[in-house]
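Down below is the structure, laid out as structure tokens.
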Amino acid sequence: MSTGNMNLTLKVWRQKNNKTKGALVDYKVSDISPDMSFLEMFDVLNEQLINKGEEPIVFDHDCREGICGMCSMFINGRPHGPKDLVTTCQLHMRSFKDGDTIVVEPWRAKAFPVIKDLTVDRTAFDRVIAAGGFISVNTGNAQDANNLPIPKIQADAAFEAAACIGCGACVATCKNASAMLFVSAKVSQLAQLPQGQPERYRRVQSMVAQMDAEGFGNCTNTGACEAECPKGISLENIARMNRDFYSAKFVSEEDI
């Protein structure tokens, strides 16, 4: 862990688009404050490249508060870098040492084709959500909360599943590029609540079918997804989704 300003070597993946081959390119950055975030360090690098007339490095970012799920860098062999339960935008340079070499790559998965450099196309997640990640509600004013009492255990489980920010770290770290943790979190957050019951079994079948159609791999329960998830989404969600998926074979919508 560093306390003074640092000089670093970055090996950054540069790729024009998904039709061309990419390669790691070396860059030197100096006088980097340990209080900078990792993305701020990339802002400094990009400013240097622009000043030299070179093309800046393309990378995803938005809120920079660990909420939106946009940042997606594979840093030294780990999604979001060396810290647990931290997104790339929350990773600070004090996690590295002066003189370090840092390798930065994009998410690698068939379902996440590279758009340019470190930016990948994650719209596959959007299509999975569109396949079933919704509930049926009446329009108009919201019901009073007391009209729908929910046991705290179920409410907590739904809240924990809903913490998923859809960043794709689970896919990036999985040896099979499986999206089971993401899909199961989105299924579980609704399956735990009364509002999610009308489409419960149709939802899980539709979302799993869309996940398969997008080209994500199969889950083999190695647990890397949970270990690298910046929000600590539990593998229990995958077990819950599997139960619902197989139960759907025997339960009709009218029986819910």
Any chance you could give the angle, 0 to 90 degrees and rounded to 10, that helix 123-132 forms with the longest Cα principal axis of the chain? 10
Report the far tail of the P(r) of region 175-256, meaning the percent of Cα-Cα pairs longer than 16 Å. 50
Crossing angle, helix 152-162 versus the chain [Cα axis fit, 0-90 degrees, rounded to tens]: 40
Under the rule that an exposed site lies in a DSSP loop and has at most 13 other Cβ atoms within 10 Å, name the longest stretch of the chain with no GluC sites (Glu not before Pro) of that kind, not counting the sites themselves. 66-256
For region 90-155, state which chymotrypsin sites (Phe, Trp or Tyr not before Pro) are in a DSSP loop and have at most 14 other beta carbons lying within 10 Å of their beta carbon. Phe134
Region 4-113: mean projected area of Cα convex hull, nm²: 7.2
If we sort 75-81, 145-151 on the protection proxy, mean other Cβ atoms within 10 Å, highest first, what's the order? 75-81, 145-151
Hey, what angle do you get for helix 200-213 against the long axis of the chain, alpha-carbon based, 0 to 90 degrees rounded to 10? 40
Considering only protein heavy atoms, what per residue accessible area in square angstrom results for region 4-113 with a 1.4 angstrom probe? 50
For the chain, with all protein chains present and a 1.4 Å probe, just round the carbon and sulfur fraction of the accessible area to a whole percent. 50
Long pairs among Lys21/Lys186; Lys83/Lys249; Lys83/Lys175; Lys11/Lys175; Lys116/Lys175, criterion Cα-Cα beyond 32 Å: Lys21/Lys186; Lys83/Lys249
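The values are calculated or read from the model by the stated rules, or taken from the named source; none is laboratory data. This is a predicted model, so every value here is computed, not measured. Using ideal geometry, Cβ is built from the backbone for each residue, glycine included, and neighbour counts are taken over all protein chains shown. Ligands, DNA and RNA are excluded from the accessible area calculation, which covers all protein heavy atoms including side chains. Shrake-Rupley method; radii C 1.70, N 1.55, O 1.52, S 1.80 Å.
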